[in-house]
Each structure stands twice: as structure tokens, then as C-alpha cells.
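Report on the structure given below.
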Amino acid sequence: MQSEWFSRIKGIGIDEVSNENMTIYFIKEEELNEAKKDLSKKIQWPENWLIIGFDDETDDVIFINEESGEVCTAYEFERKWEVVTLYSSLNEFLAAYGY
């Protein structure tokens, strides 16, 4: 999933998406391990959650749940990750932003 995602974004030629609800800045593949380390400082980051970016306003992480294919966001609450599903699939996510 990781190489597929980063290849797809590179092929489209975008580093952010925006609509009336949020702006998401994508991370580069070479920044992925550092982002995982930073997020795991407080709470362990699950290996099956592929980080793809961050919400511009809240700085909440945006990720793909590799088990379900859902695009989600998560924030820390009482020493655990609270997950909110944003889109049911990667295709739905990209289509919502016109790609």
C-alpha cells in the first residue's frame, strides 16, 4: 500500500488537497519513518496505519487503515488514539478532492 500511495500522489503531482471542510498536506515517503517516531512518542502508532498527511488546521494525522482501506484521522485522547473515518476508500477520498 505504501509504494502504491506515494506513486499515485507523485503521478498526480499534488502535495496537498483542499475542500470546504479541510486542507490536507501530504508527507513525502522519506518523511514517513520520522512521522511514525514522532507520533509514537506518546502512544504507539499501529503499523497497519499508513500516514499520508496532516490536517492543516488541527495538525491531526491523516492515514490509510491498511486493513480496511479507509482514510481516517486520529487524535490522542486519554492515552489512546481516537479514530474518525473520513472516507471508506482511497478512491472516494481522492474523488472528494477532484482526483
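Only the coordinates and a few stated rules stand behind these numbers; no lab work does. Note that the structure is predicted; figures quoted are calculated from it, not measured. FYI the Cβ positions are ideal-geometry reconstructions off the backbone, even for glycines, and counts take in every protein chain you see.
Could you work out the local net charge near residue 43, counting Lys and Arg as +1, Asp and Glu as -1, over the other residues with Cβ closer than 12 Å to its Cβ? Its environment carries a net charge of +1. Rounded to the nearest 20 debye, the dipole magnitude of the chain is 260 debye, with +1 charges on Lys and Arg beta carbons, -1 on Asp and Glu beta carbons, and the Cα centre as origin. Spatially close Lys pairs in the range 2-96, defined by Cα atoms under 22 Å apart and a spacing of eight or more places or different chains, total 9.
How far, in degrees from 0 to 90, does helix 2-12 lean away from the longest principal axis of the Cα atoms of the chain, to the nearest 10? Around 40 degrees separate the two axes. Which residue, 14, 62, 52, tops the fluctuation ranking in a GNM of the chain built on C-alpha contacts under 10 Å? Ranking 14, 62, 52 by mean-square fluctuation puts 14 first. Between residue 7 and residue 23, the modelled labels are 3.1 nm apart [label points 7 Å from Cα along Cα→Cβ]. Assign one of three labels to the chain, namely rounded, prolate or oblate, based on the Cα gyration tensor with a ≥ b ≥ c the square roots of its eigenvalues; rounded applies when a/c is under 1.5, prolate when it is not and a/b is larger than b/c, and oblate otherwise. Prolate, because a/c is 1.5 or more and a/b exceeds b/c.
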